[in-house]
Amino acid sequence: MSKQSLKKEIQKLQRTVEKAPRDWKFRRLRVIPADDWKYGDWSKFPDRYHLLAVMCNGTPKDWLTDYFALLEKIKDPEFGRHRCYRCAINQAQEGKKEIDRRRTSWQEQGGEEAKQQFYEKCSEPLASEFQRHDAMRDAEWRFFNEAAGAENRTCDAVNYFKCPYGDEWRTLIKDGYTAHEVLEHIEWYDRHCNGSTSWSPTPSERKWYHFGEPAIIDVQSLEDMLKAMEDGRLQKIIQEHERYMKETGAEIWNL
């Protein structure tokens, strides 16, 4: 066999090995192809990120800890992407994309003048609701960008195994997660205190709504959000939101 033929055979074997399903052990449990793993089989690990294993509340904590260690070991790209989901930079750049998309849309329709004309044509309280949500979108982007440390930076990797900001990824994810949680409380407050023109609360839930009462936080102002974190106003909202979740069984994101 010539050297060239031998080289081709070796390359063919390497490709076969790379494509072969993984079936090995990690921390005494078998690692099997993710497509073959069934939820509830805690005697095995899927060999890549599996949404059911991560998202379902019934997954044993010890099993999940070991599973995350496995995904770390093999540097699973989907796991890396999900770790970056709450990164301050990732959330800021996604928020900026939406702001820019809406700005471009208005420019194509006539710019700021067309936008104001649209607001004027809307009857109240719909016009105020649209304006409030536009302002909230800007304030939330600034929260990630200025308070959570994104600082106008971007990331094309969105995979913490390949983070271009080195060890700072830990702080970016931690601060991004905290900022996201704060904003979820504020969005809940907005819905329950400012209301919406598209729905009304059911009689059983009306005790959680405070329409017409003096505002606790200006949801359109980053500066007031940050001040509310210092003077205790935000804590009052969080406490009521937590009581709401406990009594209704709603998740934090379920407004």
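What number of residues in the stretch 38-61 are in contact (Cβ under 8 Å) with a residue 24 or more places away in the chain and either hydrophobic (A, V, I, L, M, F, W, C) or over 19 Å from K25 (Cα atoms) (or both)? So that I can check it myself, show each step before the final result.
So in the stretch 38-61, the residues in contact (Cβ under 8 Å) with a residue 24 or more places away in the chain come out as 45, 47-49, 54.
Next, from what is left, pick out any that are either hydrophobic (A, V, I, L, M, F, W, C) or over 19 Å from K25 (Cα atoms) (or both): 45, 54.
Adding up the residues that qualify gives 2.
Residues to consider are K25, K3; find the one that is loosely packed, with under 12 Cβ neighbours inside 10 Å and at pLDDT 85 or above. Explain how you work it out, then say what you get.
Details: K3 fails: at pLDDT 85 or above.
Of the residues listed, the single one that is loosely packed, with under 12 Cβ neighbours inside 10 Å and at pLDDT 85 or above is K25.
For the stretch 241-255, what are the residues that are in contact (Cβ under 8 Å) with a residue 40 or more places away in the chain and part of a helix (DSSP H, G or I)? Reasoning before the result, please.
In the first step, residues of the stretch 241-255 are kept if they are in contact (Cβ under 8 Å) with a residue 40 or more places away in the chain; the result is 241, 244, 248, 252-253, 255.
Across the stretch 241-255, the qualifying residues are H241, Y244, T248.
I want to confirm something. Restricting to the stretch 23-44 and keeping residues that are of a type in the set (D, E, K, R) and part of a loop (DSSP other than H, G, I, E, B), which single residue is nearest to G58 (Cα to Cα)?
Taking the stretch 23-44 first, the residues of a type in the set (D, E, K, R) are 23, 25, 27-28, 30, 35-36, 38, 41, 44.
Next, from what is left, pick out any that are part of a loop (DSSP other than H, G, I, E, B): 23, 27-28, 38, 41.
Working: D23: 25, R27: 21, R28: 21, K38: 13, D41: 12 Å.
So the residue we want is D41.
Could you grab me the full set of residues in the stretch 217-237 that are assigned to a helix (DSSP H, G or I), more than 21 Å from R206 (Cβ to Cβ) and touching a residue at least 40 places away in the same chain (Cβ under 8 Å)?
Kept after step one, since they are assigned to a helix (DSSP H, G or I), are these residues of the stretch 217-237: 222-231, 233-237.
Still in the list and also more than 21 Å from R206 (Cβ to Cβ): 222-231, 233-235.
The answer is L222, M225, L226, M229, L234.
I want to confirm something. Restricting to the stretch 152-190 and keeping residues that are outside any helix (DSSP H, G or I) and among the aliphatic types (A, V, I, L, M), which single residue is surrounded by the most Cβ atoms within 10 Å (Cβ to Cβ)? Break it down into steps so the answer makes sense when it comes.
Of the stretch 152-190, the ones outside any helix (DSSP H, G or I) are 152-159, 163-165.
After this cut, where a residue has to be among the aliphatic types (A, V, I, L, M) as well, the list is 157-158.
Details: A157: 15, V158: 19.
Filtering first and then ranking leaves V158.
Can you tell me which condition E98 does not meet? The list is (1) in contact with a helix residue (DSSP H, G or I) (Cβ under 9 Å, 6 or more places away or on another chain); (2) of a type outside the set (S, T, Y); (3) modelled with pLDDT under 90, and all the others hold.
Failing condition for E98: (3).
Can you find even one residue in the stretch 162-181 that is farther than 18 Å from I89 by Cα, of a type in the set (D, E, K, R) and assigned by TED's automatic domain parsing to the domain that holds P125? Even if it seems obvious, please write down each step before you answer.
At the first step, the residues of the stretch 162-181 found to be farther than 18 Å from I89 by Cα are none.
So far as the stretch 162-181 goes, no, none of its residues is farther than 18 Å from I89 by Cα, of a type in the set (D, E, K, R) and assigned by TED's automatic domain parsing to the domain that holds P125.
The values are calculated or read from the model by the stated rules, or taken from the named source; none is laboratory data. Computed from a prediction, not measured in an experiment: that's the story for all the values here. So basically every Cβ, Gly included, is an ideal-geometry build from the backbone, and we count neighbours across all protein chains shown.
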